[in-house]
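Student: Below are the structure tokens for one structure; questions will follow.
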Amino acid sequence: MASEQVKVIGAWASPFVMRPRVALNLKSIPYEFLEETFGSKSELLLKSNPVQKKIPVLLHGDKPVCESSIIVEYIDETWSTSGPSLLPSTPYDRAIARFWASYLDEKWFRSLRSILKAEGEEEKKAAIAQVEEENSFIEKAFIDCSKGKAFFNGEHIGYLDIAFGSFLGWLRATELLSGHKLVDEAKTPSLSKWAEQFCNDPAVKPVMPDTAKLAEFAKKIFAKPPA
Amino acid sequence: MADEVILLSYWPSMFGMRAMIALEEKNIKFDYREQDLFNKSQILIETNPVHKKIPVLIHNGKPICESLIVVEYIDETWPGENQLLPSDPYQRAQAKFWADYIDKKVNGPTRLIWAGKGEEIEAGKKEFIEVLKTLETELGDKTYFGGETFGFVDIAFIGFYSWFDAYEKLASFSIEAECPKVIAWAKRCLKRESVAKSLPDSDKVTKYIPELKKRLGIE
């Protein structure tokens, strides 16, 4: 069953799509990447995720799995004997990993996008301050979770590394566009080091979008219509 | 060594109800501590400094936050009785998908119904009915969302049932008329002791809403 064909429906710029791709790479599972055209949704996507109509969708054989974090857990459970575990081993550590992944999705990414959507200097400053405050929580979480090791998950990249790491492209693009560093050695020393190690990992490199390309894309989708 | 299990919750919260139901399903003895969300306690602020929200489960001094994460933690920590999530990875992913759907899609429109004014209430009702119909299609003719066994998705949704009377009165509609299977499912769930113990009376919720609105500074 685990040997059935695997496909991922997604798009290059989506941080959520990056998550299952990194997970599959870590497990050395080959898959076919089906890129959606920006602005339209394929028949296959609508058929595979009729409820939310969103990417990513993992197709394992003909079975669809939706929602990026859920897909990562599915990958970990299905190919449990391939490569290291993506989820921590104790229920408590798993709860903590899930808590922070949820925080990133529900609060942090929204705060990050507010920087790009900000109108005027005041609004931009406030948005930046918000993200920096949230980054300080995540810096502390990293110290607690990593217990001195390189990743949130310890020695190996895991669920929470993937959750936050997949946002690094957008983080760097936002820094580029706003002219302000959000994660660096001075402000978030642990996260800064972690980010470098995450991005250099062979499972991550091939699917991490280029910062400049993402910045161009972000400019396009956040472009304000002429007054 | 006996486990120390404390639950910080708030009686009308459908999210708090999820944690209670899970604990009851597993027959876990716990210390329920009612929280005043308008005057947050030291223990709430200390155990959930990021969100300062309930429910918070404190197990042998360690806090776990976010209701669905709490339910999953309970299932993993006390695996013996009444399994709440399926063992099969694909079935698990389906259960989590629907619980996530409920988390994302129910709160918005229902909040418009009980906290909104005029047009907002109508808009909330319309959207809520659509969500209910999607859930009803997913439920189909099954006993519970997961099939024959009461589980994760049922727990994610059933707490909202205690607010159904209030929604119906405030938006002038009948949920049973729109989605009879959902009501039948809810009644089946209520027959379970864990659910009956954890859901407040609909009447109590309906009567509480004006006071809640006042405390929130809404009209």
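The values are calculated or read from the model by the stated rules, or taken from the named source; none is laboratory data. Note that this is a predicted model, so its numbers are computed, not measured. Here Cβ is always computed from backbone atoms with ideal geometry, including for glycine, and neighbour counts include all displayed protein chains.
Student: Considering each residue of the stretch A:70-84, count those that are over 16 Å from B:Y90 (Cβ atoms) and either crowded, with 22+ Cβ neighbours inside 10 Å or in contact (Cβ under 8 Å) with a residue 40 or more places away in the chain (or both), and give that number.
Tutor: Residues in the stretch A:70-84 being over 16 Å from B:Y90 (Cβ atoms) and either crowded, with 22+ Cβ neighbours inside 10 Å or in contact (Cβ under 8 Å) with a residue 40 or more places away in the chain (or both): 3 in total.
Student: Out of the stretch B:87-105, which residues are more than 10 Å from chain A (Cβ to nearest Cβ) and closer than 20 Å to B:E66 by Cα?
Tutor: First pass over the stretch B:87-105, keeping only residues more than 10 Å from chain A (Cβ to nearest Cβ): B:91, B:102.
Hit for the stretch B:87-105 is B:I102, nothing else.
Student: When you scan the stretch B:109-117, do you find a residue that is without any contact (Cβ under 8 Å) to a residue 12 or more places away in the chain and not small (G, A, S), even just one?
Tutor: No - not one qualifying residue is present in the stretch B:109-117.
Student: Just to be sure before I move on: is B:S162 in contact with a Leu (Cβ under 6 Å, 6 or more places away or on another chain) and either in contact (Cβ under 8 Å) with a residue 40 or more places away in the chain or in a loop (DSSP other than H, G, I, E, B) (or both) in the structure I sent?
Tutor: Against the criterion (in contact with a Leu (Cβ under 6 Å, 6 or more places away or on another chain) and either in contact (Cβ under 8 Å) with a residue 40 or more places away in the chain or in a loop (DSSP other than H, G, I, E, B) (or both)), B:S162 qualifies.
Student: Given the conditions (1) at the interface with chain B (Cβ under 9 Å from one of its Cβ atoms); (2) in contact with a Phe, Trp or Tyr (Cβ under 9 Å, 6 or more places away or on another chain); (3) within 30 Å of A:K140 (Cα to Cα), report the number of the one that A:I96 does not fulfil.
Tutor: Answer for A:I96: the failing condition is (2).
Student: Moving on to the next point. Give A:E196, A:E185 a once-over and let me know the one that is without any contact (Cβ under 8 Å) to a residue 24 or more places away in the chain and within 21 Å of A:M18 (Cβ to Cβ).
Tutor: Every option except A:E196 fails the conditions.
Student: Additional query: Could you run through the stretch A:126-158 and say how many residues are more than 22 Å from A:V72 (Cβ to Cβ), among the hydrophobic types (A, V, I, L, M, F, W, C) and either under 18 Å from the mean Cα position of the chain (by Cα) or within 14 Å of chain B (Cβ to nearest Cβ) (or both)?
Tutor: 1
Rundown of residues vs (1) among the basic types (K, R); (2) over 19 Å from the mean Cα position of the chain (by Cα), yes/no style:
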| residue | (1), (2) |
| --- | --- |
| B:I113 | no, no |
| B:K117 | yes, yes |
| B:E122 | no, yes |
| B:G140 | no, yes |
| B:F150 | no, no |
| B:G159 | no, no |
| B:W163 | no, no |
| B:E168 | no, no |
| B:S172 | no, yes |
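Student: Inside the stretch B:1-31, can you point out the residues that are surrounded by fewer than 15 Cβ atoms within 10 Å (Cβ to Cβ) and either touching a Pro at 6+ places or on another chain (Cβ under 6 Å) or at pLDDT 95 or above (or both)?
Tutor: We begin by selecting, within the stretch B:1-31, every residue surrounded by fewer than 15 Cβ atoms within 10 Å (Cβ to Cβ); these are B:1-4, B:27, B:29, B:31.
The answer is B:E4, B:N27, B:K29, B:D31.
Student: Sort out which residues of the stretch B:58-76 are at the interface with chain A (Cβ under 9 Å from one of its Cβ atoms) and touching a Pro at 6+ places or on another chain (Cβ under 7 Å), and write them in order of number.
Tutor: Of everything in the stretch B:58-76, those that are at the interface with chain A (Cβ under 9 Å from one of its Cβ atoms) and touching a Pro at 6+ places or on another chain (Cβ under 7 Å) turn out to be B:V70, B:Y73, B:E76.
Student: Pairs under 8 Å by beta carbon, first residue in the same structural domain as A:L168 (by TED's automatic domain parsing) in the stretch A:201-217, partner aromatic (F, W, Y), six or more apart or different chains?
Tutor: Pairs that qualify, where the first residue is in the same structural domain as A:L168 (by TED's automatic domain parsing) and the partner is aromatic (F, W, Y), are A:V204/A:F198; A:P209/A:W12; A:L214/A:W170.
Student: Okay, next question. Being over 20 Å from the mean Cα position of the chain (by Cα) and closer than 19 Å to A:P209 by Cβ, is that true of even one residue in the stretch A:63-81?
Tutor: Among the residues of the stretch A:63-81, not one is over 20 Å from the mean Cα position of the chain (by Cα) and closer than 19 Å to A:P209 by Cβ, which makes the answer no.
Student: Sort out for me the helices (runs of 4 or more DSSP H) sitting completely within the stretch A:85-169 that have 1 or more residues that are without any contact (Cβ under 8 Å) to a residue 12 or more places away in the chain. Give the steps one after another, and end with the answer.
Tutor: On the way: elements: A:91-103, A:109-117, A:121-146, A:159-165.
By residue number, A:91-103, A:109-117, A:121-146.
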